[in-house]
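One structure is given below, encoded as C-alpha cells.
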Amino acid sequence: MLEAIVLGAIQGIVEWLPLSSEGMTVLAQIHLFGASDLSRAVSLSLFLHLGTLLAAVVYFRRDIIRLARSLFHWKEVDESTKAFVVFLVIVTIISGVFGFALLLSLEYAEAVLTLSARGLTLLIALALLATSILLWTRREGFEKRKEKDLSFLHSLLVGVGQGLSVIPGLSRSGTTISILLLSRIEERDALRISFIASIPLVFAGAIYLAIDGVVVGVEVIVGLIVAFVVGLGTIKLLMKIAKRIDFAAFVFVFSILMFIALFI
C-alpha cells in the first residue's frame, strides 16, 4: 500500500513538470521497492497516468466540453476551435502510433533508449533555456501565435515529441511545451495545449495496458486516487504560478529542472 501511495504522489506532482513522471516512478519502483522487471515497471508507471489524466479532465472540463460540442456543430464553430480540434486529432494519431512502436521496442533496446533519453533531455533543457532567454530579451515586437495558428507542422512536432515520452527519463510536458514555445505559441496557451493534448493518448494507453496485463488491484486503484488528488492540486498551483510570475522566469526554472533530470 505504501508503494502505491508513494508512486501515486510522485506521478501527481511530476506529471506537470518538465521531468519524466514515468522515469521518476520507474526509479522509485527499482530503488525504493526493489522492482527488477523494467517492462512491468514501465507499464505500471504509464498506467498511473490515468490518475493525472482524470485530474486534467476535471481542471480543463470547460475546454473539453467546448471541444466535444464543436464536433456536433462543426459548421458554426469558430476557426480557433476548429484548428485546435484538428490539432488534437493529428497529435493523438501521430503520438499514438509512434509511442506504441517505441513501447513495444522497450524490452529489446533498453540501453539505447536510456542513452537516447539523456541526450533528448539535454536538448530539451537547452531549448527551454534558449526560450527563457528569448522571452527576456524580446518582450516587445515578438509576435506570438494563438490557438487558431496551430498548423500541421505543430501537430507533427508535438505528436512526435509526445510519442517519445514513453522512453523512461524523457519528459512529455517538457518536450511538448518546449516545442510549442519555440513555435512562438503564447506562453500560457502552450501549457494548456500541452496538458490537454495528453488526455486522448493517456486514456488510450491506459486501456491498452489494462488489456495487456496490468493487474488492477486495490493497491493500483489507491495509486490512481492519490495521483488524481495530488495531480489536481499540483496543476492548479502550477497554472496559478504561471499567471502570477514573469513567464520567462517560469520557463527558466523549467529548464533548470530538466538539467537536474540529467543527473537523476
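The values are calculated or read from the model by the stated rules, or taken from the named source; none is laboratory data. Quick caveat: nothing in here was measured; it's all calculated off a predicted structure. Don't worry about glycine lacking a Cβ; one is built from the backbone with ideal geometry, like all the others, and counts go over all protein chains shown.
Some observations on this one:
- Once the stretch 73-86 is narrowed to residues that are at pLDDT 85 or above and surrounded by fewer than 21 Cβ atoms within 10 Å (Cβ to Cβ), the residue that is nearest to LYS236 (Cα to Cα) is VAL85.
- Against the test of being of a type in the set (Ser, Thr, Tyr) and either modelled with pLDDT of 75 or more or surrounded by fewer than 24 Cβ atoms within 10 Å (Cβ to Cβ) (or both), the options THR175, THR131, THR121 yield a single qualifying residue, THR175.
- From ILE264, ILE245, ILE256, residue being at pLDDT 75 or above and aliphatic (A, V, I, L, M): ILE256
- Pairs linking a residue in the stretch 53-78 that is among the basic types (Lys, Arg) to a residue that is surrounded by 10 or more Cβ atoms within 10 Å (Cβ to Cβ), with Cβ atoms under 8 Å and 6 or more positions apart or on different chains, are ARG66/THR81.
- Unmet requirement for ARG188, which otherwise passes all of (1) surrounded by fewer than 22 Cβ atoms within 10 Å (Cβ to Cβ); (2) more than 28 Å from VAL89 (Cα to Cα); (3) modelled with pLDDT of 75 or more: (2)
- Among the conditions (1) over 15 Å from the mean Cα position of the chain (by Cα); (2) buried (at least 19 other Cβ atoms within 10 Å of the Cβ), GLY99 misses just one, which is (1).
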